Each structure stands twice: as C-alpha cells, then as structure tokens.
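Report on one structure; see the data block that follows.
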Amino acid sequence: MPVISYFILSAILFTIGALGVLIRRNAIVIFMSVELMLNAANLAFVAFSRLYDTLSGQVFVFFVITVAAAEVAVGLALIVAIFRTKQSIDVDDMSSLKR
Amino acid sequence: MTSDYLLFMVLAIVAVASALSMLFSRNAVYSALFLIINFGTIAVFYLLLGSPFLAMAQITVYAGAIMVLFLFVIMLLGAEQLRKEQTLIWQQPVAIILGLILLMETGYIIYSLSIQEGILPSFNTFLSDYGSPTAIGTLLFNEYLLPFEITSVLLLVAMIGAIVLTKDQKR
C-alpha cells in the first residue's frame, strides 16, 4: 500500500471537516467537524511516522488526542453556558456580545 | 498486497461516506453516530500503519469518551433538530468553492511532493516492536517527559474550566 494514498485520504477528510465548519450552523456539529479535521491531521502524522520509520509522529498524535479531549470538555461547557443565556446553539444567534 | 489494497479502499470509502453523512445529516445525534463510525475506521488505519497503541487510544478516547460527551450535551440541550432556513444564502456555495480550492491545493502539494522525492516509497518492513506500547512509553518518558507533564496540567485546567463555566450563577 503506497503511503501517498493515506495522505490523499487525510486531505479529503480534512476538506470535509473544513466544509462542515463553513456550512453548518449548529455549534455542536461545527465542533464535531473540528474533531474530524484533527483526526485527518493525526492520520497524516501516523502515515509520515510510518514513512520515515520514527515514533515521534505517534507520540505527537498522542498529545493531540489529549489536547482534543481537553478542548472538547471546555468547548461543550461553553456551548452549555451559551444555551443557558440564548436558548439556542445556532451560531447565527451568537452574533452579539450582549445577552 | 492486493488484499491490503482492497482493505484500504473499502475502509477509505467507509470513512469518506461516514464523514459526508456527518456533514449532511439533519439530526445532530445521527451526525455524532456517523462520526463514531469514522473514528472507528481511522483506528483501523492506525492498526494498518503499525501503531496498535494509538488505535486503542483512538477507540477509548475519541470514539468512547469524547463522543459520549457530545451525545450527552446534545441530549441535555435537546437541540438535535436543526433550523431549516439559511440566513446567508450565498454562504453555502462560497463555502463549497473554497473547500474545493483547499482540496486542490492539498492535492497539488502531495503531487509535487511525490514528484520531488521520486515516488514516495512504499512502507519499509516492520521492526518487531515498532509502535508497541513499550516503545511509545519509553519515548514518552525519556524524550517527551516535559510535554507529558504539561499535558497533565492542561487536563486539570480543562476540568476546572468546564466546572466553572457550567456552574449555576445564582447560589
């Protein structure tokens, strides 16, 4: 299996994630698209680390996974807090700084 | 070699299809479930690339913990049904055009990389302990000890932040 196919797949997944961030208006779905982009980058990391026969890329993916876990916890807490004040998680409703 | 190729193609199709269904499904719960399928296929890709530790971490942390958190919040807010009307009509076509441009750019970069370095090599043979938990743990606790410790502080900060943000204001 040539390693280049993994890069192409990673690029396609990253593009789908970026499209999700741009198209969708639901804050939770936008968050999920960001997770998809992180996963595409992780896949490229692992493929490169396989290509150059080094483990550093895999350790980096491990760090990315932990940071993603922390990011999701804080981000979902923010979404819950916004939902309490605005009764909506549509990003078009979050256009003003006031309540 | 051909069975390897077949496995990769089937998994790649499943990954792209589940990502697209995540993008276009109207219900946020379905989006979350499609994303779990996608994470599962990526875990299998990690196994194919010789990193069983990361595959297991992907299943437990991403498909397990993170997506359960997503489903909890979707059901807690009861906001899974999405509003139909778009306020910005031009936004969707512009986003699709920009996405296609991004895909073409990355494709061109990968193409030029493969031209530049000759053909990107196929994988070398496996070392016996490549990507094993022992090898990754040794690397993590020797070369990457400081980032590892900083990660623990980051997780603590995230935990405290989530508690503070969702705390009821009026006591």
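The values are calculated or read from the model by the stated rules, or taken from the named source; none is laboratory data. Source: prediction; values computed, not measured. Cβ: placed from backbone, ideal geometry, glycine included. Neighbour counts: every protein chain shown.
Scanning the range A:34-54 for residues that are surrounded by 24 or more Cβ atoms within 10 Å (Cβ to Cβ) and either in a loop (DSSP other than H, G, I, E, B) or polar (S, T, N, Q) (or both) yields a total of 2. Taking every residue in the range A:49-67 that is on the phi < 0 side of the Ramachandran plot and pairing it with any residue that is outside any loop (DSSP other than H, G, I, E, B) and hydroxyl-bearing (S, T, Y), at least 6 positions away or on another chain, the pairs with Cβ-Cβ distances below 6 Å are A:G57/A:S49; A:Q58/A:S49; A:T66/B:T151. Only residues that are under 30 Å from A:Y52 (Cβ atoms), surrounded by 20 or more Cβ atoms within 10 Å (Cβ to Cβ) and not aliphatic (A, V, I, L, M) were counted in the range A:1-33, giving 7.
For the range A:69-89, a residue qualifies if it is more than 7 Å from every other protein chain (Cβ to nearest Cβ) and assigned to a helix (DSSP H, G or I), and the qualifying residues are A:E71, A:G75, A:I82, A:R84, A:T85, A:K86. The residue pairs whose first member lies in the range A:75-90 and is more than 14 Å from A:V29 (Cα to Cα), whose second member is outside any helix (DSSP H, G or I), and whose beta carbons are closer than 8 Å, counting only pairs six or more residues apart or on different chains, are A:I82/A:I89; A:F83/A:I89; A:F83/B:A79; A:T85/A:R99; A:K86/A:R99.
The residue list B:A32, B:A55, B:A15, B:A19 contains one member that is closer than 22 Å to A:Y52 by Cβ and at pLDDT 90 or above, which is B:A55. So the check is Cβ under 9 Å with 6+ separation or different chains; which pairs have a first residue in the range B:136-154 that's closer than 17 Å to A:V61 by Cβ and a second one that's of a type outside the set (A, V, I, L, M) and loosely packed, with under 12 Cβ neighbours inside 10 Å? Every condition considered, the pairs that remain are B:F148/B:F141.
Within the range B:79-120, restricting attention to residues that are in a loop (DSSP other than H, G, I, E, B) and at the interface with another protein chain (Cβ under 7 Å from one of its Cβ atoms), the residue that is modelled with the highest pLDDT is B:T87.
Taking residues in the range B:21-46 that are farther than 16 Å from A:A41 by Cα, and partners anywhere that are among the charged types (D, E, K, R), the pairs with Cβ atoms closer than 8 Å and at least 6 places apart or on different chains are B:L23/A:R24; B:N27/B:E80; B:A28/B:E80; B:V29/B:E80.
When restricted to residues that are surrounded by fewer than 16 Cβ atoms within 10 Å (Cβ to Cβ) and either within 7 Å of chain A (Cβ to nearest Cβ) or not aromatic (F, W, Y) (or both), the range B:8-25 contains 5. Of all residues in the range A:52-67, those that are within 7 Å of chain B (Cβ to nearest Cβ) and not polar (S, T, N, Q) total 8.
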